[in-house]
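First up is the structure itself, then whatever we jot down about it.
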Amino acid sequence: MLKGFRDFLLRGNVVDLAVAVIIGGAFGQVVNSLVADVLTPLIGALGGAPDFSAIKLGPIALGKFINAVVNFLVVGAALYFPVVAPMQELEKRRKKAEEAAPPPPPEPPEEVRLLREILSELRRRA
């Protein structure tokens with residue numbers, strides 16, 4: 001039973017997933033700091049306080065929802081422009097370079113390989 005558990009934990013996918021979760025958490029902190037400490041104050045400086053939590057429609061706290069939507073859009077922009085867009089551009093360039101490169105020559109037939117081996121053996125003996 002412990003061997004199965006060990007095998008499960010050491011499978012490549014589980015380890016990759018664990019690393020991705022840890023890196024994702026750390027990256028999430030970076031993005032949240034970028035939004036809270038850099039972009040939100042910048043938006044506040046340009047257009048007034050970016051806090052809508054005081055807006056209410058009767059008993060409905062509409063401002064909190066607006067804050068969540070604005071935060072989602074700012075986080076999305078903070079991820080898209082410096083991370084996703086450059087990665088997409090790099091992927092396009094890589095694919096373009098692969099398409100421009102000539103395809104490797106096809107493998108020679110078995111008979112040709114055998115004849116080459118025989119020829120090299122004869123040259124070695126001579």
Stretchable slack from residue 1 to residue 37, in nm (0.36 nm times residue separation minus alpha-carbon distance) = 8.1 nm
Give the distance, in whole Å, between the Cα centre of segment 103-119 and the Cα centre of segment 20-97.
-> 57
What label, among [x] 2, 10, 19, 25, 22, 14, 6, 2, 0; [y] 2, 10, 17, 19, 16, 14, 11, 6, 3, 1, 1, 0; [z] 2, 8, 8, 9, 9, 8, 8, 8, 8, 8, 6, 4, 3, 3, 2, 2, 2, 1, 0, 0, 0, belongs to P(r) over Cα pairs in 5 Å bins from 0, in percent computed from the structure on display?
-> [z]
Would you look at the GNM of the chain, springs on alpha carbons closer than 10 Å, and say which of 51, 16, 37 moves the most?
-> 16
Segment 1-106: which trypsin sites (Lys or Arg not before Pro) are DSSP loop and have at most 15 other beta-carbon atoms within 10 angstrom?
-> 11, 56
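Only the coordinates and a few stated rules stand behind these numbers; no lab work does. From a predicted model like this one, the values you see are computed outputs, not experimental measurements. In this analysis, Cβ positions are derived from the backbone assuming ideal geometry, glycine residues included, and neighbour counts consider all displayed protein chains.
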